[in-house]
Amino acid sequence: MKDIDIENAVARVLSGYTGPAETPAPAPASKPGTTGCVWETVKAVDPVDDIIGGMLTRALGERNCSNCKAGDCQGKAGCLSISDAEALELGDGVFATMDEAVNAAAEAQRKYLFCTMGDRKRFVEGIRAIFTDEAVLERISRLTVEQTGMGNLAHKIIKNRLAAEKTPGVEDLTTEAQSGDDGLTLVELSPFGVIGAITPTTNPTETVICNSIGMLAAGNAAVFSPHPRAKGVSLLAIKLINRKLAALGAPANLVVTVQAPSIDNTNAMMAHPQVRMLVATGGPGIVRTVMSTGKKAIGAGAGNPPVVVDETADIPKAAQDIVNGASFDNNMPCIAEKEVIVVDQAADFLISEMQRNGAWLASDPSVVERLAQLVLTEKGGPQTGCVGKSAAWLLGQIGIQVGPDVRLIILETTKDHPFVQEELMMPILPVVRVPDVDTAIDLAVDLEHGNRHTAMMHSTNVRKLTKMAKLIQTTIFVKNGPSYAGIGVGGEGYTTFTIAGPTGEGLTSPRSFARRRKCVMVEALNVR
C-alpha cells in the first residue's frame, strides 16, 4: 500500500466516510508562532477533517478560547479571566446536555490521537501553570469553601497546589520492549478514549486538576460529572483548563462537563456508548454503580483509616502528627486519621500531648452524647451538614465556645462506638485503649473494614510496623508521620486524589487511565 493510500484510509476511518477516497490537498504550512498539534484548514470540511501526513487540519478559530478572535489567543491574563457568573455559562468545555459534552469529547480525542507526546507534555504543563498561580489557587480554594460549606481555606490551597505540582504526567507512561530471533515486540500504554469522571464535593477542584492531568497525559479526553454543591467552582476549573489548552493549540473540548450537574446527567454519562472508562471518586454507592455498568471502572471509595500508637513511639511527635493529619481540611480527606488505637501504657501521655497541639478533650460523657446527637443520623452515619465543619463550629453548636487554636475534638470511647466504626469526615477523633500492640494491630485491621484505603502507625519496632503493613493491606500505609505524607505532603512520592482500593488500582496515575497494547515486528529490529 502506498503512502497516499494509507493517508486516505486513515481519513476515512476518522471521518466515518465509507465512499471512495478523495486525493487530499497538500498540507498547509503552519503560520509562524502557531503552536500545538492543530493547523489552519484550507477549506470548509466536516467536523473531523482529513489527516494529511499525520497533521490534523481544522478551522483556526476553533483553537481559540471563546473570548478571543481567531489567531489571537496567546494565553494572556485577560484570556484566562473568568467571572463567577461566566463560569456557569455555556462554552469553553461546558455543554447544555451530557450527550453534547460526550460527543464533543469523543471528537476531540480522535484529533488528540495525532498530537505528539511533546504536545501532551506541553498541555499538562499548561494545566499545572494555571493552578500554581497564587491568585487562581486562592480563588478556587475560597470558592470551594464558600459553595460547599466545608473545609479549611489554607488547607484547600495546599491540596490544589499539590494536585497541580505532584500529579504525574507523560513520564509515567513507560514502554516495555522484548527482542529476539523472531523480531521485536513493544508493549505500550495507549488511551482508552473518552473517560467519564465523577468528582466528589469534598475534593472538587483537586480531583478535576489531578484527573485532567492524568487522563490527558495518557491520551484521553475527560468528561466530568461534578457534585452539584460544587458546581460553580468545578465549572470554573474546567473552563480555565479549556482556555489554557486552546492557547496552547490543543484540540477543543478535551475536558468537558455539563452546565447543570445532576444524578440524571451522571447516569447519562455512565450509559453513553462513547464513554469507554468510568472513574468514580466518592462514596461506596457511586463506586458500586460504576462497577455494575459493565465498563472498565476505577472506583475510589470510602476509608476509615486507623492510626496505631505503641509504647515505643516518639509520643510527642506522634501526637503532633496525628492532630495535624486528623485536622487537615477539617478531616475531609479519606486518608485522614479517623480513629486512634493506643497501647494503654502510652495512652495518657499521648492524650496530653495531643491537647498541647490543639486538640480539645471531651471528657464529660454528656458532652460526648450531645456531640453524637449533633453529628450522627438515626442510622449512625454522619450528618451531611456537619461534614467538613471546624472543631470550633461543632463545639459551638452544642454550646461550648473555644478559640481558633482548637483544631480537633478528641474523646475516649470503646471500639463499638459509631465515632469509631463510621467515617465521619469531621474533626472528631475517638481514642481507644488496648492492652498491647498486637491487640492494637488486630483492632486496626477490623476497624479499617477491608476498604484497603489508608492506615498509619507510630512505633520504633520495625517488626510490628511490618506486621501491621502485611495484615492491613491498605493502599497507603504511613509510618511515623501524618496521614497526608501518604499523598506527598511532607512525604516522598507523587500525589493522587483518586485512591482506588475497591477496584485495585491503588494510587492512580496516567498509566491507570491507559491500556496495554502490543506491537510486533516479525523477524526484524533485533540487532543483538
Of 485, 524, 513, farthest towards positive along the dipole that unit charges on Lys, Arg, Asp, Glu beta carbons give segment 462-528: 524
How high is the FRET efficiency from residue 263 to residue 436, r the C-beta distance, R0 56 Å, rounded to 0.05? 0.70
Considering only DSSP beta bridges with both partners in segment 395-528, what is the antiparallel share in %, to the nearest 5? 20 percent
For residue 480 and residue 414, what is the calculated FRET efficiency with R₀ set at 25 Å and r taken between the beta-carbons, to the nearest 0.05? 0.40
Check the straight Cα-Cα distances from residue 166 and name the aspartates and glutamates below 14 Å, setting aside those fewer than 8 residues away within the same chain. 125, 206, 492
On a 27 Å Cα-Cα criterion, which of the cross-link pairs 111/295; 121/338; 379/467; 244/389; 156/244 come out too long? 121/338; 379/467; 244/389
Could you work out how far apart the two model spin labels at residue 393 and residue 165 are, taking each label as a point 7 Å from the Cα in the direction of the beta carbon, and quote it in nm? 2.7 nm
I need the Debye-formula profile for segment 96-197: one equal scatterer per C-alpha, no solvent, reported as log10 I(q)/I(0) at q = 0.16, 0.18, 0.19 1/Å, two decimals. -0.96, -1.07, -1.11
Out of the total accessible area of segment 443-528 (probe 1.4 Å, heavy atoms of protein only), what percent is carbon and sulfur? 50 percent
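Given charges of +1 on the Cβ of Lys and Arg and -1 on the Cβ of Asp and Glu, with all other atoms neutral, how large is the dipole of segment 410-528 about its Cα centre, in debye to the nearest 20?
Computed about the Cα centre, the dipole is about 840 debye.
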Among bridges DSSP assigns within segment 272-393, what percent are antiparallel (round to 5)? 10 percent
Put a dot 7 Å past each Cα toward the Cβ at residue 293 and residue 146; how far apart are the dots in nm? 3.2 nm
Can you pull a Stokes-Einstein diffusion coefficient for segment 424-528 at 20 °C (1.002 mPa s), Rh from Kirkwood over Cα pairs, as a whole number of µm²/s? 129 µm²/s
Quick one: check the C-alpha center-to-center distance for segment 241-300 versus segment 391-464, whole angstrom. 34 Å
7 Å from Cα along Cα→Cβ at both residue 138 and residue 116: what's the point-to-point distance in nm? 3.9 nm
Excluding ligands, DNA and RNA, what is the solvent-accessible area per residue of segment 202-260 at a probe of 1.4 Å, expressed in Å²? 12 Å²
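The values are calculated or read from the model by the stated rules, or taken from the named source; none is laboratory data. This one's a predicted model, so the numbers in the text were calculated from it and none came from an experiment. With ideal geometry, Cβ positions are generated from the backbone for all residues, glycine too; neighbour counts draw on all protein chains shown. Keep in mind that these areas ignore ligands, DNA and RNA; they rest on the heavy atoms of the full protein, side chains included. Shrake-Rupley method; radii C 1.70, N 1.55, O 1.52, S 1.80 Å.
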